[in-house]
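Undergrad: What follows is a structure written as structure tokens; I'll ask about it next.
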Amino acid sequence: MLLCRKRKVCSSLINFFSLLLIQGAWLLWCQPLLAQGGGPSGSKTLAMVNGVAVTEEQVQNAARMDLERLEMQQSVLQAEFTRNKHQIVEVSLNRLVEEKLLDAEVAQRGITRTELLATEVQSKVQEPSDDDVDNFYEANKGQIGMPKEQVTTQIRQYLKETRRQELHNSFIGRLKTQYGVKSFLEPLRTSVETANHPARGSASAPLTIVEFSDFECPYCTRLVKTLKEVEKHYAEKVRLVFRQFPLANHPHAQKAAEASLCANEQDHFWEMHDLLFQEPKSLELGDIKAKAAAIGVDTTSFNECLDSSRYAERVRQDVRDGSRAGVNGTPAMFINGRFIAGAVPYDEIAKMIDEELPKATAVEPAKKP
């Protein structure tokens, strides 16, 4: 999966309690035997050091960032659990439907399932040509990272299996139509805030894509080009909303995110967005300010905004919101609430859009009297 990952804060109870001990926050989880009432602000006293109280409020403030990261991790894990649970149900439903379809077709034709699949699928799978192998290798050699001669056999096997799966799915699709299959399992949707965030496209578009992205993530750069193709092809049908998700292991991503919002003050968000992604390795503070000057913003106002970290908290809020929605790496998208992780190809996004458009346009919104 083409995805820039977050660094995990902790992955077990041992790491959890180690973190709390390091910060002194373990005191929050026990009842001090010698608590002497409240401190000056009324906060519970959790320890006494040389006659001076260490209060619950002080400990909470000291551990605030680590506890916040831990809570975000918990949100991500909960969202991933919900998605995985739904996926298991969906896969099981599809498998049962497929079994019943094949049983019905076998009974109708009076042949075995092996004979049926051999006729409708296996016999139609052709050996990939040399051109097929060459084209696949050229399109993916950056990810393969090996000479073509060393991977030709694997590429042929992959292409052949991909074609077999396509034929199988196509056959099952025809059977679904033939036997009138209806599915009542709705896709899992996650509600993600879109108001007051940089957006492009009609506000009345039936489909909204919310993207969580990081200006220093190479896979996000790939997705930029893909989403522009989506916008071009689907025109007024799609609205794109951008949310910030700078990763902690990308040292320049936070400031680049703030810079895009500073440019947004002057209605230049998308120009800044494009320029930041065009040169993701040139994101030092001086580089960012030079980019702002290149797109024609008022540099005095922009620099003051960036230097003062005016939008630092807003960026952090985007990260919190993304974590609650289950984002744990970039890029990540929600298409009318349906989650897609990574720099997926255009066809995968288009497939989901094509599934969603009939649902989104089936019921016209009620008109005001």
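Undergrad: Taking the range 238-258 as the region of interest, how many residues are touching a Phe, Trp or Tyr at 6+ places or on another chain (Cβ under 9 Å), farther than 22 Å from Ile209 by Cα and hydrophobic (A, V, I, L, M, F, W, C)?
TA: 0
Results for (1) crowded, with 19+ Cβ neighbours inside 10 Å; (2) hydroxyl-bearing (Ser, Thr, Tyr); (3) at pLDDT below 95; (4) not assigned by TED's automatic domain parsing to the domain that holds Phe215, shown as yes or no for each residue.
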| position | (1), (2), (3), (4) |
| --- | --- |
| Trp270 | no, no, no, no |
| Leu276 | yes, no, no, no |
| Ile288 | yes, no, no, no |
| Ser301 | no, yes, no, no |
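Undergrad: Counting just the residues of the range 173-191 that are β-branched (Val, Ile, Thr) and assigned to a loop (DSSP other than H, G, I, E, B), which one comes out nearest to Val121 (Cα to Cα)?
TA: Ranking the candidates gives Val181 first.
Undergrad: Something else: Pick out the one residue from Phe212, Phe171, Phe245 that is aromatic (Phe, Trp, Tyr), more than 28 Å from Glu90 (Cα to Cα) and at pLDDT 95 or above.
TA: Phe245
Undergrad: Only residues in the range 281-295 that are more than 12 Å from Leu306 (Cβ to Cβ) count as the first member; pair them with residues that are among the acidic types (Asp, Glu) and in a helix (DSSP H, G or I), Cβ under 9 angstrom, at least 6 apart or cross-chain, and list the lot.
TA: As it stands, the answer is Ala294/Glu271; Ile295/Glu271; Ile295/Asp274, since those pairs meet every condition given.
Undergrad: Looking only at the range 252-271, how many residues end up being under 23 Å from Met333 (Cα atoms) and free of Cβ contacts under 8 Å to residues at least 24 places away in the same chain?
TA: Total satisfying the criteria: 0.
Undergrad: Check the range 24-42 and report whether any residue there is more than 30 Å from the chain's Cα centre (by Cα), over 30 Å from Ile340 (Cα atoms), at pLDDT 85 or above and not in a helix (DSSP H, G or I).
TA: no
Undergrad: Still on this model: When the range 199-208 is examined, which residues are found to be surrounded by fewer than 19 Cβ atoms within 10 Å (Cβ to Cβ) and either among the hydroxyl-bearing types (Ser, Thr, Tyr) or in contact (Cβ under 8 Å) with a residue 60 or more places away in the chain (or both)?
TA: Arg200, Ser202, Ser204
Undergrad: Turning to a different aspect of this structure: Return the residues of the range 83-126 that are more than 30 Å from Arg324 (Cβ to Cβ) and of a type in the set (S, T, N, Q); say none if nothing qualifies.
TA: Within the range 83-126, Gln108, Thr112, Thr114, Thr119, Gln122, Ser123, Gln126 meet the criteria.
Undergrad: Also: Quickly run through the range 121-151 and pick out the residues that are surrounded by 13 or more Cβ atoms within 10 Å (Cβ to Cβ), hydrophobic (A, V, I, L, M, F, W, C) and not in a helix (DSSP H, G or I).
TA: The answer is Val121, Val125.
Undergrad: In the set Val76, Val106, Val59, which member is assigned to a helix (DSSP H, G or I), at pLDDT 95 or above, of a type in the set (A, V, I, L, M, F, W, C) and outside the structural domain of Tyr219 (by TED's automatic domain parsing)?
TA: Val106
Undergrad: Just to be sure, is Asn94 surrounded by 12 or more Cβ atoms within 10 Å (Cβ to Cβ) and either closer than 24 Å to Phe339 by Cβ or not assigned by TED's automatic domain parsing to the domain that holds Arg316 (or both)?
TA: Answer is yes for this residue.
Undergrad: Return the residues of the range 152-161 that are among the hydroxyl-bearing types (Ser, Thr, Tyr) and loosely packed, with under 12 Cβ neighbours inside 10 Å; say none if nothing qualifies.
TA: Hit for the range 152-161 is Thr153, nothing else.
Undergrad: Right, here's the next one. Just checking, does the range 201-217 include any residue being under 18 Å from Ala343 (Cα atoms) and aromatic (Phe, Trp, Tyr)?
TA: Yes, the range 201-217 contains a residue that is under 18 Å from Ala343 (Cα atoms) and aromatic (Phe, Trp, Tyr).
Undergrad: Does the range 209-226 hold any residues that are free of Cβ contacts under 8 Å to residues at least 60 places away in the same chain and under 23 Å from Asp354 (Cα atoms), and which are they?
TA: Val224, Lys225 - these are the residues of the range 209-226 that are free of Cβ contacts under 8 Å to residues at least 60 places away in the same chain and under 23 Å from Asp354 (Cα atoms).
The values are calculated or read from the model by the stated rules, or taken from the named source; none is laboratory data. Values in this document were obtained by computation on a predicted structure and should not be read as measured data. As a convention, Cβ positions derive from the backbone with ideal geometry for all residues, glycine included, and neighbour counts pool all protein chains shown.
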